[in-house]
Amino acid sequence: MSEQFLIIGSAVVIALVIVIIVLFVVRKLESNYFKKQIKNLEIERNVVASTPVLLELSKVEEITKNNELMDEKCNKWQERFTEIKDHRLSIVDDMLIDLDAFIDKRDYKNCGYRIAKVQLELYKVREAADRLLGEVKDFTSNEDKYRSSVTKLKSRYRNINQRFKNNRHLYGDMAESVELQLENISNKFIDFDKVMEKTDYVEAVRIVKAITIMIDHMEIVVNELPEINNLIEHTLPQVMEDVSKNYEDMKNSGYSLEYLNIDYNIEETKKSIENIKEKIKLLNLENCKFDLINMLHFYQGLYIDFEKERLSKKAYDEENKAFAERIEKVNTQVNSVFESLDQIKGTYNLTEKDITDINEANKLLIVINDDYKKMGLKEESGAASYSLLYEEIDNLTKRLNEMDFNFNKTLKSLGNMYDDEERAREQLKEIEEFLKQARKLIHSYKLPVITDNYFVQLGEANEAIEEVINELEKKPIEIKILNTRVDTARDLVLKLYNTTDQMIKNAKMAEMSIVYGNRYRSYYKEIDRGLTRAEQYFLNGSYKSALDTCISAIQVVDKDITNKMAMLLDK
């Protein structure tokens, strides 16, 4: 037992030692971590304190001698730097000392919060110091900066001035004004040098801005004024004169161009040019070139309008000639049908749609004729341009085509009725001729008996023919009924003819079969009995039964009797 207690006691002691060591190591690491952060903060504080503001301020003092305004500004910068160094950095120093106390007390929880506050304060101080340094550096670098800007401006000025001198003749009356303005820019460069000698950077900034604005403006003037002068003095006057001449020539040739308002636009253009000239005198070129080019494009567009009128006249003349011929034919056709409408209605049973379509076509044609006359009056009076006249004649042509197309559909319907009537009369003649052939056929062979079936079909055929004749004599004619009657009559006559033809063929073959079979009567009683029955059928008018009975009897001795009789019939 004592050994067990000894072992347990030893284990507990070892465990306590390990825990103590671990706690010591953790505390040591934690302490080192915060000490390292404090050291970094101190380094950052020293960096802020070493900001080279004093060095830059010493440069300012040299520049601002004998300049009260700049001296006052320098003093304010000095005060701001003193505030940063002596007051705000002192606050950071106190905060860092407090941090050391918290670490000594091992109050790491509050230590982390205090470090964050120091970091925030250092950030604010660093921002203030950097802002101050930037302002001072901006001032100390002004001379180089402004002189660099002026050097570039001088280069631009020399290019503008040289371009003006090389093309002075292109500026016309404005050459002196341009030259004077360029001299003003040259004087501004002299003013700049003077204020820079006095280190008056405030005035230097104002002069640099003024020179920049003047050069930007004169660059536009020197570049655009020759083209503007050319547009005003040469291009536009020539174009307006040429447009005016073309306008007069076309008017004298019968063109109506009032819609272009040429005279009014020329007067307005002249006024606009005068206004632009007034602006140019002040070297104010804003929108001048744009407005002049728009004027030029307007007059150039008039050439397109002139050509459009010439082409429209040619197209109109051709279209008008074709339309005049077309409408004359359509008028003749429609008037002929419309005037004969009562007669047509008396001849054929027209539908309401047919009558409506004819009346509608006549009304539309009256309107088209009226519009065509109005268009002709416009042409004679010169009240409309040829482009407008061409649009009107084109529209009239489309309307006439549509009306004529619909009217022709109606005419086709009427034509079909007439064709159906003529075809019915021709077919009636053919049917009647076919009936005569059927009658001749029945008398071409002397039958002992003509069956009732023939007379029934003959009566039906005659009745059908009478129905056709009655329909043709009716006024107005019902075309659909007429066509039905014709079809019925044709079918019945054809049926009668086929019946007659078949009846005669059966009778002929039956008679020939009986005659052929007589040679076997004395030898074969069955054939004799069959032929006797066949003769009875034949005399009673049952020619098909007579033929079948005879053939059946003879086949006892002659299997090929049917073919032989057919060959004899064909002969």
Flagged pairs (Cβ under 7 angstrom, 6 or more apart or on separate chains; first in the stretch 531-560, free of Cβ contacts under 8 Å to residues at least 12 places away in the same chain; second surrounded by 18 or more Cβ atoms within 10 Å (Cβ to Cβ) and in a helix (DSSP H, G or I)) are SER545/TYR537; GLN555/ILE561
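Picking from ASP487, ASP548, ASP491, which residue would you name as being under 60 Å from the mean Cα position of the chain (by Cα) and either at pLDDT 80 or above or not in a helix (DSSP H, G or I) (or both)?
Answer to the selection: ASP487.
Can you find a residue in the stretch 233-245 that is free of Cβ contacts under 8 Å to residues at least 24 places away in the same chain, surrounded by 14 or more Cβ atoms within 10 Å (Cβ to Cβ) and of a type in the set (Ser, Thr, Tyr)?
So the first thing to find is which residues in the stretch 233-245 are free of Cβ contacts under 8 Å to residues at least 24 places away in the same chain, and the list is 234, 237-238, 241-242, 244-245.
Among the residues that remain, those that are also surrounded by 14 or more Cβ atoms within 10 Å (Cβ to Cβ) are: 237, 244.
If we keep only those that are of a type in the set (Ser, Thr, Tyr) as well, we get 244.
Taking every residue of the stretch 233-245 in turn, at least one turns out to be free of Cβ contacts under 8 Å to residues at least 24 places away in the same chain, surrounded by 14 or more Cβ atoms within 10 Å (Cβ to Cβ) and of a type in the set (Ser, Thr, Tyr).
Considering every residue within the stretch 507-517, establish whether at least one is polar (S, T, N, Q) and surrounded by fewer than 18 Cβ atoms within 10 Å (Cβ to Cβ).
First, the residues of the stretch 507-517 that are polar (S, T, N, Q): 513.
Applying the additional criterion that residues be surrounded by fewer than 18 Cβ atoms within 10 Å (Cβ to Cβ) yields none.
Checked the stretch 507-517: no residue is polar (S, T, N, Q) and surrounded by fewer than 18 Cβ atoms within 10 Å (Cβ to Cβ).
Run down ASN401, ASN408, ASN395 and say which single residue is over 30 Å from GLU535 (Cβ atoms), polar (S, T, N, Q) and modelled with pLDDT under 80. Let's see the steps before the verdict.
Details: ASN401 fails: modelled with pLDDT under 80; ASN395 fails: modelled with pLDDT under 80.
Of ASN401, ASN408, ASN395, the one residue that is over 30 Å from GLU535 (Cβ atoms), polar (S, T, N, Q) and modelled with pLDDT under 80 is ASN408.
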Query raised in the report: Mind checking whether some residue in the stretch 274-291 is among the hydrophobic types (A, V, I, L, M, F, W, C) and within 30 Å of LYS378 (Cα to Cα)?
Result: no
With criteria (1) surrounded by fewer than 16 Cβ atoms within 10 Å (Cβ to Cβ); (2) modelled with pLDDT under 75, LEU122 comes up short on (1)
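Which helices (runs of 4 or more DSSP H) does the stretch 261-374 wholly contain that include 3 or more residues that are at pLDDT 80 or above and surrounded by 12 or more Cβ atoms within 10 Å (Cβ to Cβ)?
On the way: elements: 262-281, 288-339, 341-347.
The helices (runs of 4 or more DSSP H) meeting that bar are 262-281, 288-339.
Filter the stretch 375-387 down to residues that are touching a residue at least 40 places away in the same chain (Cβ under 8 Å) and assigned to a helix (DSSP H, G or I), then give me how many there are.
Residues of the stretch 375-387 touching a residue at least 40 places away in the same chain (Cβ under 8 Å): 382-387.
So of that shortlist, the ones also assigned to a helix (DSSP H, G or I) come out as 386-387.
Going through the stretch 375-387 one residue at a time, the tally reaches 2.
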Here the qualifying pairs (Cβ atoms under 9 Å; residues six or more apart or on different chains; first in the stretch 423-441 and without any contact (Cβ under 8 Å) to a residue 40 or more places away in the chain and more than 13 Å from LEU458 (Cα to Cα); second surrounded by fewer than 12 Cβ atoms within 10 Å (Cβ to Cβ) and not small (Gly, Ala, Ser)) come out as none
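The values are calculated or read from the model by the stated rules, or taken from the named source; none is laboratory data. On a predicted model such as this, the values are computed, not experimentally measured, just so you know. For neighbour counting, all protein chains shown are included, and Cβ atoms are generated from backbone atoms with ideal geometry for every residue, glycine included.
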